[in-house]
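Written below as structure tokens is the structure these notes are about.
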Amino acid sequence: MANLYLVEDDPSVREQLSVLLSNAGHHVQCATRFDHLVEDITAASPDAVVLDLGLPGTDGQYVARALRQRSDVPIMVLTSRTSELDELMSLSMGADDFVAKSANPQLILAHLEALLRRRQPSKASLVSAGDLSLDVVRAEASYGGKTVELSRNELRILECLMRQPGAIVSREDLMEALWATDAFVDDNTLTVNVTRLRQALGKVGLPHAITTHRGMGYSLRVDNA
């Protein structure tokens, strides 16, 4: 569910759009005045703005530009003005998408969902267990103000352990994760890489975070996890 701010001055169209968006599971707040739109939207701090172009006393393109100067909130222009010039102007003013009101309602929703997905941080890029954090993109583990760079194999092992803190992760599951690196994988490969990972974690103050469970696998324990 996302918190949406709908800017539409036609009451009947506003009601139709509000129902459409609400039925899709979103919380919808509608503009009730148009003289302080940018301030009202900024104060509402929505996840996305659905913006009409033809508004009382102003134009949605100017609203998009003023809003973009203050915020990076996603803006989807939804309008009956569908010329290429209107689309070009809207996008150049700061809108992220441009959709015709005459479009199929499911297409409108699909555009909105795509816009929301693009603006969401990647769930897989940062993993944490207590005060230990792992930046998957940078291949860096951080704890207690210290950061250590990991090899590709160390990264995959630690990510598997951190996604299940305290649980025993089988050797088979870890070897399967390593297999995705195109490395030659056997029991010895896993053992060597776990040893190197322990050494890396020792550099940030967690030399004993990984526990070996003989015949089963490994677990990660960070005291405050």
| For the stretch 77-163, which whole percent of the accessible surface, found with a 1.4 angstrom probe, sits on carbon and sulfur atoms? | 49 percent
| field | Given 12 as the ceiling on other Cβ atoms within 10 Å, longest exposed-site-free region of the chain for trypsin sites (Lys or Arg not before Pro) in DSSP loops | value | 124-213
| task | Enter the accessible area per residue of the chain (Å², integer; probe 1.4 Å; all protein chains in place). | result | 55 Å²
| request: Mind ranking 40, 52, 47 by accessible surface for me, highest first, 1.4 Å probe? | output: 47, 40, 52
| field | Distance in nm between pseudo-label sites at residue 176 and residue 68 (7 Å out along the Cβ direction from Cα) | value | 4.5 nm
| remark: Of all DSSP beta bridges with both partners in the chain, the antiparallel percent, nearest 5, is 55 percent
| remark: Sorting 147, 79 on solvent-accessible surface, 1.4 Å probe, most exposed first, gives 147, 79
| task | Would you mind calculating the gained length between residue 214 and residue 22 on full extension (0.36 nm times residue separation, minus the Cα-Cα distance), in nm to one decimal? | result | 63.9 nm
| Suppose R0 equals 25 Å; then what is the FRET efficiency for residue 83 and residue 113 from their Cβ-Cβ distance, rounded to the nearest 0.05? | 0.45
| said: Need one number: the % of Cα-Cα pairs in the chain sitting beyond the 29 Å mark. | reply: 48 percent
| remark: Only helices counted: for the chain, with every DSSP H run of 4 or more residues adding -39500 (n - 2.57) and the sum spread over all residues, [θ] at 222 nm is -12500 deg cm²/dmol
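The values are calculated or read from the model by the stated rules, or taken from the named source; none is laboratory data. Owing to the predicted nature of the structure, the values given are computational and were not obtained by experimental measurement. Quick reminder, even Gly has a Cβ in these numbers, built from the backbone with ideal geometry, and neighbours come from all protein chains shown. These area figures cover heavy atoms from the full protein model, side chains too; ligands, DNA and RNA do not enter into them. Shrake-Rupley method; radii C 1.70, N 1.55, O 1.52, S 1.80 Å.
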